[in-house]
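Since the structure comes first, as C-alpha cells, the remarks are kept for the end.
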Amino acid sequence: MEIDATWAPSANWLLSASFALVGAEFDKWIAEVGDPNNPGQLISVDATDDEFGFTPERSATATASYTLPVDYSLGDMTLTGSIYWQEDMVNFAIPSQCEFTVPAGPLREAAYDSIEVKSYSVMNLRFDWRNMMNSSFDSSLAVNNVTDKEYVIGGFNQIDSLGLVELAYGPPRTVVDTLQYNF
C-alpha cells in the first residue's frame, strides 16, 4: 500500500509526504540450501516464516519547498528540504538457513547480527534558481545526506558458504552544483 499527499498552503509553499507499507509474506517456501556436512548435497529449510529479504516493511518521505518572493527580473528561486526514512529490513534471502548451515557459536551470532539492516533516515537540501537574472540559465545546488550519516542499504551475506559478509553503504554527504543553459 502506498499513500501520497501534496498540499500547497500558499502560492510559495508546496508540502508533500508519502508512506509505503509492504505486507509481503510467503504462503509456503521450502528452500534448498547447501548441506555444510555433505558438500554437494542439499537440505530443505522451511523459510515460510522468514521476512522478505531486502524489503523494508515501512518507508516514508516528507518534502517541503518554498519559492522565494523575489522580483521577477531575478528569476525563480526555490528552497527544498526532504527527509527519507525506512524501517529495518533483512539483508539475507533465507535467514532461517543459518541455524542449519552455520555452526553454533560466535559465527552463527555474527551471521544473525549481520542479517538485520537497521532503520535509517537521510535528509537532503536543494536550492534551485531558474531563469537566472531573466536569462536562459538555470542553476542548482544540492546537498544530499546533509548530516553525513553512515547507513547500510543492503549487502551480500554469504557467511554460511564463504564466511563473508559484505555491507553496502549509502552515499556520504555529497554536494552537487549544476548550471544549465536552455535553448
**Complete:** Note on S140: of the conditions (1) modelled with pLDDT of 95 or more; (2) small (G, A, S); (3) out of contact with any Lys or Arg (no Cβ under 8 Å at 6 or more places or on another chain); (4) surrounded by 15 or more Cβ atoms within 10 Å (Cβ to Cβ), unmet is (3)
**Message:** Six or more apart or on different chains, Cβ atoms under 6 Å: show the pairs whose first residue is in the range 1-25 and closer than 12 Å to T67 by Cα and whose second is of a type in the set (A, V, I, L, M, F, W, C) and in a loop (DSSP other than H, G, I, E, B).
**Reply:** L14/A8
**Request:** Give the number of residues within the range 54-99 that are in contact with a Pro (Cβ under 8 Å, 6 or more places away or on another chain) and either under 30 Å from D128 (Cβ atoms) or touching a residue at least 40 places away in the same chain (Cβ under 8 Å) (or both).
**Result:** 1
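From D27, D49, D128, D71, grab the single residue that is more than 23 Å from L167 (Cα to Cα) and surrounded by 17 or more Cβ atoms within 10 Å (Cβ to Cβ).
Numbers: D27 fails: surrounded by 17 or more Cβ atoms within 10 Å (Cβ to Cβ); D49 fails: surrounded by 17 or more Cβ atoms within 10 Å (Cβ to Cβ); D71 fails: surrounded by 17 or more Cβ atoms within 10 Å (Cβ to Cβ).
Being more than 23 Å from L167 (Cα to Cα) and surrounded by 17 or more Cβ atoms within 10 Å (Cβ to Cβ) holds for just one of D27, D49, D128, D71, which is D128.
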**Prompt:** Can you list the strands (runs of 3 or more DSSP E) found entirely within the range 1-100 that contain at least 3 residues being within 29 Å of K118 (Cα to Cα) and of a type in the set (A, V, I, L, M)?
**Reply:** 13-21, 30-34, 58-67
**Request:** Have a look at E166, E150, E116 and point out the one that is among the charged types (D, E, K, R), surrounded by fewer than 14 Cβ atoms within 10 Å (Cβ to Cβ) and either modelled with pLDDT under 90 or on the phi > 0 side of the Ramachandran plot (or both).
**Result:** E166
**Prompt:** Identify, please: which residue in the range 85-94 is surrounded by fewer than 17 Cβ atoms within 10 Å (Cβ to Cβ) and at pLDDT 95 or above and is, among those, nearest to F19 (Cα to Cα)?
**Reply:** W85
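Restricting attention to the range 95-110, does a residue exist that is closer than 29 Å to T61 by Cα, surrounded by 14 or more Cβ atoms within 10 Å (Cβ to Cβ), under 20 Å from the mean Cα position of the chain (by Cα) and not charged (D, E, K, R)? Outline the logic, then answer.
Initially, the range 95-110 is screened for residues closer than 29 Å to T61 by Cα, giving 95.
If we keep only those that are surrounded by 14 or more Cβ atoms within 10 Å (Cβ to Cβ) too, we end up with 95.
Going one step further and asking which of them are under 20 Å from the mean Cα position of the chain (by Cα), we end up with none.
No, that holds for no residue.
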**Fill in**
Exception for M133 within (1) touching a residue at least 40 places away in the same chain (Cβ under 8 Å); (2) part of a strand (DSSP E or B) falls at (2)
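The values are calculated or read from the model by the stated rules, or taken from the named source; none is laboratory data. All of these numbers come straight from a predicted model, not from anything done at the bench. Positions of Cβ are backbone-derived with ideal geometry, glycine not excepted, and every protein chain shown enters the neighbour counts.
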